[in-house]
1. Considering only residues of the range 82-106 that are without any contact (Cβ under 8 Å) to a residue 60 or more places away in the chain and open to solvent by less than 30 Å² (accessible area, probe 1.4 Å), which is farthest from L66 (Cα to Cα)?
2. Could you list, in sequence order, all residues of the range 63-79 that are in contact (Cβ under 8 Å) with a residue 24 or more places away in the chain, open to solvent by 30 Å² or more (accessible area, probe 1.4 Å) and in contact with an Asp or Glu (Cβ under 9 Å, 6 or more places away or on another chain)?
3. For L124, only one of the following conditions fails: (1) surrounded by 15 or more Cβ atoms within 10 Å (Cβ to Cβ); (2) more than 29 Å from H42 (Cα to Cα). What is its number?
4. Within the range 158-171, track down each residue that is at pLDDT below 95 and either open to solvent by 50 Å² or more (accessible area, probe 1.4 Å) or not in a strand (DSSP E or B) (or both).
5. Considering only the range 128-148, state which residues are open to solvent by less than 50 Å² (accessible area, probe 1.4 Å) and in a strand (DSSP E or B).
6. Note down all Cβ pairs under 8 Å where the first residue falls in the range 129-157 and is under 21 Å from N90 (Cβ atoms), the second is in a loop (DSSP other than H, G, I, E, B) and aliphatic (A, V, I, L, M), and they're at least six residues apart or on different chains.
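The values are calculated or read from the model by the stated rules, or taken from the named source; none is laboratory data. These numbers were taken from a predicted model, which means no experiment stands behind them. For neighbour counting, all protein chains shown are included, and Cβ atoms are generated from backbone atoms with ideal geometry for every residue, glycine included. Just so you know, the surface numbers come from the protein's heavy atoms only, side chains and all, with ligands and any DNA or RNA stripped out. Shrake-Rupley method; radii C 1.70, N 1.55, O 1.52, S 1.80 Å.
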Amino acid sequence: MRERLPSIIAILLLALLVLATKWAVDHTQSSVNMDPPRRVTHEPDAWGDVFTIVSTDPAGYAANRLEGLKFYHYPDDDTYEIIDPVAIANRVGNPMTIATSNTAIVSEGAETITMLGNAHAVRLPSDNDEMLDVKSEVLIIEPEADLIYTNEPALVINGKSTMRGKGMRYDNRNRQLQVHAATDVTISGEQTQQSRQRQENKEQQP
């Protein structure tokens with residue numbers, strides 16, 4: 001027995017050493033983050049050149065079209081930056097609108113398109129409406145609602161009438177235009193008469 005004692009002690013010490021090493025490894029792995037979270041910064045994770053995106057209405061007709069020279073996707077807020085964007089709305093029953101700018105930011109889900117720098121939107125003329133021309137440094141578009149608006153100074157030319165204001169809103173579904181804090185207003189008498197006549201015709205309809 002005495003002859004085996006040193007061997008037994010050595011085996012016990014070795015087993016103790018193995019257990020201590022395993023404990024140390026487990027403790028280190030549990031206390032140290034082996035995969036620290038990725039630092040989120042506003043840097044693009046995808047990009048591309050010349051592109052076109054088309055969305056359709058429930059009937060399958062092309063309702064909105066977005067074109068650009070380049071795009072960058074930012075994962076931190078899931079937005080897209082568009083270079084030289086062209087946004088076209090062509091919903092059935094509504095006049096076509098075309099908007100351009102230096103750049104644009106498309107929000108998550110494409111709920112809004114913010115046109116930035118030399119923003120310019122045009123509603124093409126129709127049988128019942130003259131051309132509407134809007135210029136501002138910022139124009140916000142809601143494609144699904146067919147809305148264009150801004151809180152920045154804007155120049156609005158509606159047919160032969162001209163208005164400058166701080167903020168504007170145009171609803172292309174009902175052709176309703178609002179220019180806030182309007183100054184330097186020039187209203188065409190001919191256009192006023194046409195608007196009055198259209199309103200009277202609507203009121204006379206059963």
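1. Residue satisfying both the conditions and the ranking: S101.
2. F71, Y72, P75, D76, D77, D78
3. Going through (1) surrounded by 15 or more Cβ atoms within 10 Å (Cβ to Cβ); (2) more than 29 Å from H42 (Cα to Cα) one by one, L124 breaks only (1).
4. G159, K160, R164, K166
5. Those that are open to solvent by less than 50 Å² (accessible area, probe 1.4 Å) and in a strand (DSSP E or B): L132, D133, V134, S136, V138, L139, I140, I141, L147, I148.
6. The qualifying pairs are M131/L124.
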